[in-house]
Amino acid sequence: MTAQAPPMTIAKIQRAIVSKEMLPSEALRPFLDRATRFDGRIRSLVTSTAVTAMERAEIADQDIKIGRAPEPLTGVPYTLKDIINTASVRTTANSRSLAGNVPMMDAVVHGKLMAAGGILVGKAATWEFAHGGPSWDVLQDPARNPWDISRDPSGSSSGSAAGIAAGLCAASIGSDTGGSIRGPSSACGTVGLKPTNGLVSVRGVIPNSFSLDCVGPMAWTAEDVAIVLEALTIRPDSKSASGAYTRNLDRSLNGLRIGVPYAWLDRERPPSNEVRAAFDAALRLLEGLGATVRSAVDLSPLRLFEDTKKTIAAVELFTTHAGTLRSRPELLGECFRVRIAAGAFVTAEEYLNAHRWRHRLALEMQAIFEDFDVLMLPTGEPAGPLKPTLPESLLTNLNFHSAFNVSGNPALATRMGFNGEGMPLSIQIVGRHFAEARVLNVAHVYERETDWGDHRPTAMTRDQDEGSSPELRL
Amino acid sequence: MGRLRYLSTWPTSASLIARRAENKTEALMWNMSDDEVLAKAKGIGLSTKAPYDQELLRSHKHIREIIDRLSADWPHEAQPAFSFSSIAHPGDK
């Protein structure tokens, strides 16, 4: 395999290793080669662990040679968003305030992936503390979008999605407090799942907003996301993955009830014409597979979900980071400072009332799933130019992500085509609490019926001189 | 449940004045002059030197706009927090 061949999916790596067509180090090497060649321009990594990754793969080679059965993720290269603690590997949150931070303990998710045979190849770029960005006054400049390096890969799990799209890793663990897995997955044409709040452990993850934070799997396909989710949710008393998320991936969609919150789409946050056309085409395809689309989704205004999230997040961010803001504000980027300082101007009464809104909105969301199996809506707009944004933008924006952080539902982003400029479009599939298996089933069948996954960023498949780092300093 | 009322009742100047007359805490937080915002920030240990002073004023302005919309129709249940026990026991709201 050469660096120009399409990157292997996790499912293909699994099959190749189980059938002994390939050793773990052979599966890993093309990913490391691509990282060497391309990460100077993509900047998906804050810290590379390529050397230890190859050592670990060679140990796995020996295990296979002596007849030991492979684990579910043996030979699978993954990255961790750089807010996820890794013992002996620095974890910076892309903040100058944590430039030399080397944790003593691994986060639970890292431990589970290692136990499943996965190989850490690096710590993935993030907006500062998974919140403020894109910024140029933090530890490292922002990651670039592999489809067009002048475009924004979105955030905050930017390096996770960019690395997967560029074929520098097969999976990554991102975090999602207000869309930080789904936004980058949409912008970079990858697949990302924000699980039900509480399904995946956040122990050992630097908090953003502790009552809203989730971590979840990102990969190239829904099938790969399902495989990683099984590894992340394996019980301590179990020796093997449950199959809970991969077993029914091919289940028929006949009779599936899809709800579409048209009030959000038509009135509050109308998508562009190209996104709306692709979304309508996706719904027609699913109807052709036996699903029914229903429009009577009676939800509160999107802005109410968004304001509830922002109020809670402002206070929790301030609570977590007030110490640094007081003692060394110059070590934080401007974007992050402005956003977290907002929490200083919310009273305790207002914070708790925002949680009351959250309670009510979560129950409302739960109730509408009595009539639907999944909700669907576009994930967002295609990637725009990578440029500094006003810090206030995160306090004023309105997107289709935060509602499901407030309600706690699982939400997955997957490809739904490309726009006229060749940038990926994305659809969001939302399920009942803890119904990740159904969400993954719908996504997998939809991916199977389309060929969007056959397309990779052209910059990564062209044999061209990658040269030095891009000169796109802003 | 708020719903469209949430959008239709975004504070007008008249409703703001009326609400702030009822809710002194909210009025205190919103009606603060720039000097008062910075004094409060300084009082809780935040630096108010440039450029942080202007940043704090921006933070205050934007979060108070959000709270203004949200507080127009606060829910009044006793239970303040979302709980996943509501999933396990859906009838027990």
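Worth a mention:
- Total charge dipole magnitude, the stretch A:309-433, about the Cα centre, Cβ charges on Lys, Arg, Asp, Glu only, Debye to nearest 20: 340 debye
- Sequence-distant lysines (8 or more away, or on other chains) whose Cα lies within less than 17 Å of A:Lys81: A:Lys112, A:Lys123, A:Lys194
- The lysines whose alpha-carbon is closer than 27 Å to the alpha-carbon of B:Lys42, local same-chain residues fewer than 8 away aside, are A:Lys309, A:Lys310, B:Lys24, B:Lys61.
- Cα-based Rg / Dmax (Å) for the stretch A:275-425: 18.8, 59
- Shielding score for B:31-42, defined as the mean number of other chain Cβ atoms within 10 Å: 1
- Estimated from helical segments only, the mean residue ellipticity of chain A at 222 nm is -11500 deg cm²/dmol, where each DSSP H run of four or more residues counts as -39500 (n - 2.57).
- Rounded to the nearest 20, the size of the Cβ-charge dipole of chain A about its Cα centre is 580 debye, with Lys and Arg at +1 and Asp and Glu at -1.
- Under 16 Å from A:Lys239, Cα to Cα: aspartates and glutamates that are on another chain or at least 8 residues apart: A:Glu71, A:Glu230
- Furthest towards positive pole of dipole, A:Leu168, A:Val374, A:Gly118, structure part the protein assembly as shown, Cβ charges: A:Gly118
- Simple Cβ-charge dipole of the stretch A:28-100, Lys/Arg +1 and Asp/Glu -1, about Cα centre, in debye nearest 20: 340 debye
- Debye-sum result for the stretch A:3-117 in log10 I(q)/I(0), which assumes one identical scatterer on each alpha carbon, at q = 0.10 Å⁻¹: -0.33
- For the stretch A:1-57, the ratio of Cα radius of gyration to the globular rule of thumb 2.2 N^0.38 Å stands at 1.18.
- Size descriptor, Kirkwood hydrodynamic radius, that averages inverse alpha-carbon separations across chain A, Å: 22.1 Å
- Look at the dipole of the stretch A:346-424 built from charges on Cβ: of A:Pro391, A:Pro410, A:Ala354, the Cα furthest out on the positive end belongs to A:Pro391.
- In a DSSP loop and with at most 10 other Cβ atoms within 10 Å, there are no trypsin sites (Lys or Arg not before Pro) in the stretch A:342-421.
- Remark on the stretch A:91-188: hydrodynamic radius 13.8 angstrom, per the Kirkwood mean of 1/r across alpha carbon pairs.
- Nitroxide proxy distance, nm - points 7 Å out along Cα→Cβ at A:Ser150 and A:Met104: 5.0 nm
- For chain A, leaving out every one of the GluC sites (Glu not before Pro) that falls in a DSSP loop and has at most 13 other Cβ atoms within 10 Å, the longest unbroken run is A:22-369.
Read-outs throughout are calculated quantities, based only on the coordinates presented, and are distinct from any laboratory measurement. Remember, it's a predicted structure, so these values are computed and weren't measured experimentally. Neighbour counts are summed over all protein chains in view; Cβ atoms, including those assigned to glycine, are modelled from backbone coordinates with ideal geometry.
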